[in-house]
Amino acid sequence: MTKDYRSDAFREVTMRIKALIFDFDGLILDTETPDVHAWQNIYAEHGVQFPVESWGQIIGGTGAAQFDAAIHLQSLLGHPLDLEALQAQQNHISHSLVAQQSVLPGVLDYLQEAKRVHLQLAIASSSPHAWVDSHAKRLGIFDYFDKIICADDVAAGRTKPNPDLFLLALKQLQVRKEEAIVFEDSPNGVQAAKSAGIFVVAVPNPVTSLLSIENANLTLTSLTDLSLRDLLNKVK
């Protein structure tokens, strides 16, 4: 006999957890692999190797580093480059690749299941609204979210690893930190969620899986690894 999906234990957990908060870049949409591929191609054109580890320090927010890939390339080559042209070239390559991407595996299942069990949904992203909103609409997931909080919504320099985006998400959703779960792919994002005191699930993508992601409450290789129901039963 099939067990009732709305079991007492599951009901209890879903009643306590009221909101899911998702990062966007690298968690919902893999924008980070295209970014890296674009810089790798540009560096290769100049006969040098792109330092993925250095780039990783700024993924998901400003981080502790001020790494600039164009300036770094110029320093490696030892002569002036047209930095604006380099950045424009990278943007063109990366944006073209991103435009071909769909939502990452398991994301849509989580969004649909969250709606079925009446959980609120939010995005908390270090990217601007112009980027996040447009891609969310392109992907057909914009209307799943009750709130979308982006870099535009917090003070300059206060994106991840600072907790401001997540704290604002809690405030706008009107839930306590104990009533939410955050999904992140990067060290900066995990640090921000932990600083906000929220249970955080790390789901690294092909780029951030190369980085050291510490202190997550749970780490998955993909959202397909664990159903939302099973995740909620783990959050006790």
Can you work out which of the residues in the range 119-138 that are open to solvent by less than 50 Å² (accessible area, probe 1.4 Å) and under 27 Å from residue 15 (Cα atoms) is farthest from the chain's Cα centre (by Cα)?
119
Residue ID - nearest to residue 118 (Cα to Cα), chosen from residues in the range 146-159 that are open to solvent by 20 Å² or more (accessible area, probe 1.4 Å) and not small (Gly, Ala, Ser):
146
Those residues that are surrounded by fewer than 16 Cβ atoms within 10 Å (Cβ to Cβ), in contact with a helix residue (DSSP H, G or I) (Cβ under 7 Å, 6 or more places away or on another chain) and either at pLDDT 95 or above or among the hydrophobic types (A, V, I, L, M, F, W, C) (or both), I need them from the range 1-33; list them, please.
9
Looking at 114, 202 in this structure, which one is within 16 Å of the chain's Cα centre (by Cα) and under 25 Å from residue 17 (Cα atoms)?
202
For the structure I just gave you, tell me whether residue 162 is crowded, with 18+ Cβ neighbours inside 10 Å, polar (S, T, N, Q) and farther than 24 Å from residue 37 by Cα.
yes
Identify the residue in the range 151-195 that is among the small types (Gly, Ala, Ser) and closer than 17 Å to residue 24 by Cβ and, among all such residues, is farthest from the chain's Cα centre (by Cα).
180
Filter the range 165-187 down to the residues that are within 24 Å of residue 234 (Cα to Cα) and among the polar types (S, T, N, Q), then identify the one that is most open to solvent (accessible area, probe 1.4 Å).
174
Take residue 86 and tell me if it is among the hydrophobic types (A, V, I, L, M, F, W, C), more than 25 Å from residue 205 (Cα to Cα) and open to solvent by less than 40 Å² (accessible area, probe 1.4 Å).
yes
If only one of 93, 148 is closer than 30 Å to residue 45 by Cβ and of a type in the set (Val, Ile, Thr), which one is it?
93
Filter result for residue 101 (in a loop (DSSP other than H, G, I, E, B) and in contact with an Asp or Glu (Cβ under 8 Å, 6 or more places away or on another chain))
yes
Filter result (of a type in the set (Val, Ile, Thr) and at pLDDT below 90) within the range 34-58
52, 58
Where residue 55 falls short, out of the listed (1) of a type in the set (A, V, I, L, M, F, W, C); (2) open to solvent by 40 Å² or more (accessible area, probe 1.4 Å); (3) more than 30 Å from residue 233 (Cβ to Cβ)
(2)
Out of the residues in the range 59-73 meeting the condition of being at pLDDT 90 or above and open to solvent by less than 50 Å² (accessible area, probe 1.4 Å), tell me which one is farthest from the chain's Cα centre (by Cα).
73
Among the residues that make up the range 212-222, is at least one of them at pLDDT below 95 and crowded, with 16+ Cβ neighbours inside 10 Å?
yes
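The values are calculated or read from the model by the stated rules, or taken from the named source; none is laboratory data. Computed from a prediction, not measured in an experiment: that's the story for all the values here. Because the Cβ atoms are built from the backbone with ideal geometry, glycine has one as well, and the counts that use them run over all protein chains shown. Surface areas here come from the heavy atoms of the whole protein model, side chains and all, with no ligands, DNA or RNA. Shrake-Rupley method; radii C 1.70, N 1.55, O 1.52, S 1.80 Å.
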